[in-house]
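Visitor: For reference, the structure I am asking about is given below.
The values are calculated or read from the model by the stated rules, or taken from the named source; none is laboratory data. Owing to the predicted nature of the structure, the values given are computational and were not obtained by experimental measurement. Every residue, glycine as well, gets a Cβ built from its backbone with ideal geometry; the counts of neighbours run over all protein chains shown.
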Amino acid sequence: MEKTERNSRNRTGRRGESLAAWWLRLQGYRILVRNWRHPAGEIDIFARRGRLLVAVEVKWRGEQDRAAEAIQAAQRRRIAQAAAVFLARQPDAAGLSLRFDAVLLAPGRLPRHIRDAWRI
């Protein structure tokens with residue numbers, strides 16, 4: 001992949017994460033962290049609503065169905081491992097329930113928030 005294509009994808013990804021964060025805020029979630037990285041994996045958004053901590057994967061494709069298909073089993077495992085590391089480092093997260101959600105984005109469509117998109 002060329003550098004200009006990679007930069008364009010990164011910009012699109014950041015815009016998608018911003019749109020997803022905005023959408024989640026409208027639904028009553030508080031955004032805790034965006035683009036959290038660890039060698040175990042990466043979480044696009046950590047959000048909280050009440051006693052629920054949500055690890056959100058954001059996918060932007062030409063069609064929302066293709067975005068959903070882009071979240072493969074290996075990626076779900078990496079996200080779960082990264083979420084476990086994040087939780088272990090957050091003493092105030094004890095007692096919170098963890099859920100894995102997805103926000104799917106496509107041009108000209110409202111974001112689709114899939115709650116409890118997968119379980120590990």
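Visitor: Answer yes or no as to whether Leu52 is surrounded by 13 or more Cβ atoms within 10 Å (Cβ to Cβ) and more than 16 Å from Gly16 (Cβ to Cβ).
Guide: Criteria met by Leu52.
Visitor: Based on what the data block shows, is Arg66 within 21 Å of Arg119 (Cα to Cα), at pLDDT below 90, among the basic types (Lys, Arg) and not in a loop (DSSP other than H, G, I, E, B)? Step through it out loud before you land on a result.
Guide: On the way: within 21 Å of Arg119 (Cα to Cα): yes; at pLDDT below 90: yes; among the basic types (Lys, Arg): yes; not in a loop (DSSP other than H, G, I, E, B): yes.
Yes.
Visitor: Tally the residues that are at pLDDT 90 or above, under 18 Å from Ile31 (Cα atoms) and among the aliphatic types (A, V, I, L, M), restricting the search to the range 86-104.
Guide: Qualifying residue count, the range 86-104: 6.
Visitor: So, in the range 49-63, how many residues would count as being assigned to a strand (DSSP E or B) and either within 13 Å of the chain's Cα centre (by Cα) or of a type in the set (Gly, Ala, Ser) (or both)? Spell out how you get there, then give the answer.
Guide: Step one: list which residues in the range 49-63 are assigned to a strand (DSSP E or B), which gives 49, 52-60.
Filter again for either within 13 Å of the chain's Cα centre (by Cα) or of a type in the set (Gly, Ala, Ser) (or both), leaving 53-60.
Matching residues across the range 49-63 total 8.
Visitor: Pairs needed: first member in the range 11-24, of a type in the set (A, V, I, L, M); second member anywhere, in a helix (DSSP H, G or I); C-beta distance under 9 Å; at least 6 residues apart or different chains.
Guide: Here the result reads none, with nothing in the range 11-24 linked to a residue that is in a helix (DSSP H, G or I).
Visitor: Can you tell me which residues in the range 34-48 are in a strand (DSSP E or B) and surrounded by 14 or more Cβ atoms within 10 Å (Cβ to Cβ)?
Guide: Applying the first criterion (in a strand (DSSP E or B)) to the range 34-48 yields 34-38, 41-48.
Within the range 34-48, Arg34, Trp36, His38, Gly41, Glu42, Ile43, Asp44, Ile45, Phe46, Ala47, Arg48 meet the criteria.
Visitor: Of all residues in the range 56-79, how many are under 16 Å from Leu19 (Cβ atoms), in contact with a strand residue (DSSP E or B) (Cβ under 9 Å, 6 or more places away or on another chain) and not acidic (Asp, Glu)?
Guide: Count: 7.
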